[in-house]
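**Q** Quick one: the structure is below, questions incoming.
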Amino acid sequence: MNLRGRCFVLDVDGTCIVAESAEWRNPQVLPGTRAVLEAIRRSGGRFVFLTNGSALPPEEYTGVLRRSALPVEDQEVITPGAIAAEIIAREYPDRPVLVLGQRGLWAPLEQRGIPCVGVEEGERAGVVLVGWDPVWTYEKLAAACRAIWNGAAFLVTSLSPWYATKHGRTPGLSAALAAAITYITQKPARLVGKPSRDALRVAAARLGVPVEELVVVGDDVELDFRMGKEAGARTVLVLTGVTLVEELEKLPPQERPDLVLNGIQDLLAYL
């Protein structure tokens, strides 16, 4: 398979780096990552990083990658916070947002001038946005539920039960918090991060190509692969993250990724 000159949507955790936390503390760049990015550019291709991390704004995640000596431009990192801001601005204009998360959610909303409310004003929120929120309280849970009972839209950054770190599979927090709210309100959350169509649509728009022309590279068969497969994009799975070989072997041949690689460094052979 020749992938020269193609547009890539790259996962980060478990694909290009492994770190110690959702804030990408002490990141370790996985072998071949820098060489692959440089090869994509040399071949006339382009790439964006698409992460489900919502702890930091895109520019701060970009800074982490740059300090790790990866050649990344400002517009080449997309987060669920940025995707949520686009959705809210387009579909829920002028609705105040109750944000349950860190500055990775607040900052993109503020940059677009979207009004936000605190827990004490949660009942008047028109949107509840849940992301990575390690400082969780009963007051936040109650405010979110009351807002949803009053008709607020309910968005979540990730429904993945885990993500890859230096410690292996690490529990995903956003999904757990959203599950608690759904259990109480009986209203399912709308996913804005991977593997949603919204996430891939934003990535395709950033690259200026139809989703069918993308190459999605990631480590999670339930996120990266499923997102790309359902959209008709090419898919590449690397075995340096959360997906185990045994899990992959259980899939029927027609449901497997187009390429399965030991690590991102093996992508060089196709560039």
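The values are calculated or read from the model by the stated rules, or taken from the named source; none is laboratory data. None of these values were measured; they are calculated from a predicted model. Here the Cβ is made from the backbone with ideal geometry for all residues, glycine too, and neighbour counts use every protein chain on show. Surface areas here come from the heavy atoms of the whole protein model, side chains and all, with no ligands, DNA or RNA. Shrake-Rupley method; radii C 1.70, N 1.55, O 1.52, S 1.80 Å.
**Q** Let me cross-check GLU121: its accessible surface, 1.4 Å probe, with only protein heavy atoms counted, in Å² to the nearest 10?
**A** Counting only protein heavy atoms, GLU121 exposes about 80 Å² to solvent.
**Q** Could you rank TRP24, TRP106, TRP132, TRP149 by how accessible they are, 1.4 Å probe, largest area first?
**A** Ranking TRP24, TRP106, TRP132, TRP149 by accessible area, largest first, yields TRP149, TRP106, TRP132, TRP24.
**Q** Continuing with this model, one more query. What is the sum of charges, Lys and Arg at +1 and Asp and Glu at -1, for the other residues whose Cβ falls under 14 Å from the Cβ of ALA39?
**A** +4
**Q** Given H placed 1.01 Å from N in the peptide plane, which residues other than close sequence neighbours of ILE17 have an amide H under 5 Å from its amide H?
**A** LEU30
**Q** Hey, another quick one. Please go through region 78-117 and write out the trypsin sites (Lys or Arg not before Pro) that DSSP classes as loop and that have at most 13 other C-beta atoms within 10 Å.
**A** Answer by residue number: ARG112.
**Q** If you don't mind, there's one more thing I want to ask. Just read off the accessible area of PHE154 with the full protein assembly in place, 1.4 Å probe, to the nearest 10 Å².
**A** Taking all protein chains as shown, PHE154 has close to 10 Å².
**Q** List, largest first, the extents of the alpha carbons of region 161-262 along their principal axes, each in whole Å.
**A** Ordered largest first, region 161-262 gives principal extents of 41, 34, 27 Å.
**Q** Reported to two decimal places, what Rg/Rh ratio describes the chain when computed on Cα atoms with Rh from the Kirkwood expression?
**A** 0.97
**Q** If you don't mind, another one. When the convex hull of the Cα atoms of region 1-152 is projected onto a plane and the area is averaged over all directions, what value comes out in nm²?
**A** So the Cα hull casts an average projection of 10.3 nm².
**Q** Using Cα pairs closer than 8 Å and at least 6 residues apart in sequence, work out the relative contact order for the chain, in percent.
**A** 22
**Q** Which value in deg cm²/dmol, rounded to the nearest 500, describes the helix-derived mean residue ellipticity at 222 nm for the chain, given -39,500 (n - 2.57) per DSSP H run of n ≥ 4 and division by the residue count?
**A** -9500 deg cm²/dmol
**Q** Given the chain, what count of lysine pairs have C-alpha atoms under 22 Å apart, with each pair 8 or more places apart or on different chains?
**A** Number of lysine pairs found: 4.
**Q** For region 62-208, just run the numbers: alpha carbon Rg, then divide by 2.2 N^0.38 Å, N being how many residues it has.
**A** 1.05
**Q** For a bin width of 5 Å, list the pair-distance distribution of region 127-201 built from all Cα-Cα distances, rounded to whole %.
**A** Distribution as computed: 3, 16, 26, 24, 16, 10, 4, 1, 0 percent.
**Q** Give the separation of the Cα centroids, region 52-117 to region 27-51, in Å.
**A** So the separation of the two Cα centres works out to 22 Å.
**Q** Now for a separate question. Select from region 172-271 those trypsin sites (Lys or Arg not before Pro) which occupy a DSSP coil region and have at most 12 other Cβ atoms within 10 Å, ordered by residue number.
**A** Listed in order of number, the matching sites are LYS250.
**Q** Rounded to the nearest 10 Å², what accessible area does GLU23 show when all protein chains are kept and the probe is 1.4 Å?
**A** Approximately 40 Å² for this residue.
**Q** Would you mind working out the magnitude of the charge dipole of region 120-164 relative to its Cα centre, with +1 at each Lys and Arg C-beta and -1 at each Asp and Glu C-beta, to the nearest 20 Debye?
**A** 140
**Q** How long is region 74-141 along each principal axis, judged by its Cα atoms, biggest number first, in Å?
**A** The Cα atoms of region 74-141 stretch 37, 27, 14 Å along their principal axes.
**Q** Measure nothing but the geometry: give the 0 to 90° angle between the long axis through the Cα atoms of 33-42 and the longest principal axis through the Cα atoms of the chain, rounded to 10°.
**A** Around 70 degrees separate the two axes.
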